[in-house]
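Since the structure comes first, as structure tokens, the remarks are kept for the end.
The values are calculated or read from the model by the stated rules, or taken from the named source; none is laboratory data. Quick caveat: nothing in here was measured; it's all calculated off a predicted structure. So basically every Cβ, Gly included, is an ideal-geometry build from the backbone, and we count neighbours across all protein chains shown.
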């Protein structure tokens, strides 16, 4: 078995749920999430050099986000001109779900892609803000800002979110709004 | 719902995983796809322009050598694009110098020979703004704004096999390559000199680093295109560049404009006491809509909600805002909220209902929130709101 196949196989075997979950929270569609994960794995492991074990998952996550963003932008490119024919459709398709699952997945879809990615990495995979920043290739401050804005949106859409928002203790405490809003919910 | 966010997301993922294919099946499918890709890994031929090459068979427009893992498939030695006004191709092969293949693979050397520009060229809007080097954002949706151009005098039917991928070269060696996205590739017909705007994928370092290191590079854009029918029929790589680019250090700190800030706007002054102040310069709409800067901030001066929208144009509220900005020297168009989705929530605009138009507005775009806020402060104008968030739009 070649190096790339061994590395890819181990990644799929050990981290498939995490990768699929990340993709699913971005696109809210199981089939699309599966395609994103597979396309990302192909893109990363088709390269001449096989990524090192520790870096492989990061590469695949980045590829998932890139692929999703590319498809998202193409949908928006169409949506950006579809208004000309009077079609108002900002809601992406959602899987059939009930109750709480519909709430959280529908709420996630109200977030811009980068905020969605930050929430997924921070709250599903329990990465630190620094790790999220490294995954997405953006500054830690930008991650903190995305999380703050995402929490504000999700808090508005969902109930009982304050305990989760309060778990963000490792981001920069410089934003007084965050502190104020957290206190107001206690 | 009393679960915290982590638990809620976890349960959503569990539900998705239950519906998805198992890891073993994913492994098999992906492994087979990777074998297929590795078997037909392409190299790129960059040759001189038409003048030095002759014609063979009249079917293909560039030589492509395929280099797979352990196999190499030779292709005809002599290929070129026929001149638009050239006589019908001869059936007799003609010996001409073979353009040496040039690989844009990681670690491969790249020299300064010119790229092939016939029948298609990949060009960049960067060159419209001067000589370069240009500062690029490798996290942007479009790293290098490029387009494909038909350089012949004939109509070309095309299929894009992949999106434009940005390769970065440093010290004559490819050091970063693209992570290509899935191609949403409609068949395209380009008339002579017509352009097709391209989307490019992310670029990653060849040495395994996730982030592109700050520094100066030569950038190339390459994509695979199939020309259907005609004298240039065939599938080949089209390469554009090089463009001298600079990747800046990460984490740009948002600061108030300093002494090096742009001069006051050419169109006049805002509030009386701010006449001598240095005004932040708005970003050109065409540039803002490319989505290259995640920090782009819009100042919205007028907004028509969906219930009142007419699909843009002819609305007196928007026209009045445009006139007010024109008096200050800013020529702006009317912008649909689809170009900045976050504007809906930040400005409290309701979503359009079925049958309604999207919300429209008039906005100025700035590179940062600090610039936007400073401009508003200096202008002393009433604005609907300032929205920092993803801006991207494309109007065909």
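When A:134, A:117, A:164 are checked against the criterion of being at the interface with chain B (Cβ under 9 Å from one of its Cβ atoms), over 19 Å from residue B:344 (Cβ atoms), in a helix (DSSP H, G or I) and modelled with pLDDT of 50 or more, a single residue qualifies: A:134. Against the test of being at pLDDT 50 or above, more than 8 Å from every other protein chain (Cβ to nearest Cβ) and either surrounded by 15 or more Cβ atoms within 10 Å (Cβ to Cβ) or touching a strand residue (DSSP E or B) at 6+ places or on another chain (Cβ under 8 Å) (or both), the options B:28, B:40 yield a single qualifying residue, B:40. Among the residues of the stretch B:198-212, those identified as touching a strand residue (DSSP E or B) at 6+ places or on another chain (Cβ under 8 Å) and either within 9 Å of chain A (Cβ to nearest Cβ) or modelled with pLDDT under 75 (or both) are B:199, B:200, B:201, B:202, B:204, B:206, B:207, B:210, B:211, B:212.
Candidates are the residues of the stretch A:1-50 that are free of Cβ contacts under 8 Å to residues at least 24 places away in the same chain, over 17 Å from residue B:35 (Cα atoms) and facing chain B (nearest Cβ under 7 Å); the one that is nearest to the chain's Cα centre (by Cα) is A:24.
Among the residues of the stretch B:346-358, the ones that are facing chain A (nearest Cβ under 7 Å), farther than 10 Å from residue B:305 by Cβ and in contact with a strand residue (DSSP E or B) (Cβ under 9 Å, 6 or more places away or on another chain) come to 0 in all.
With respect to residue B:9, determine if the residue is at pLDDT below 85, facing another protein chain (nearest Cβ under 7 Å) and over 29 Å from residue B:223 (Cβ atoms). Spelling it out, it is not the case that residue B:9 is at pLDDT below 85, facing another protein chain (nearest Cβ under 7 Å) and over 29 Å from residue B:223 (Cβ atoms). Of the residues examined, residue B:349 is one that is in the same structural domain as residue B:379 (by TED's automatic domain parsing) and buried (at least 16 other Cβ atoms within 10 Å of the Cβ).
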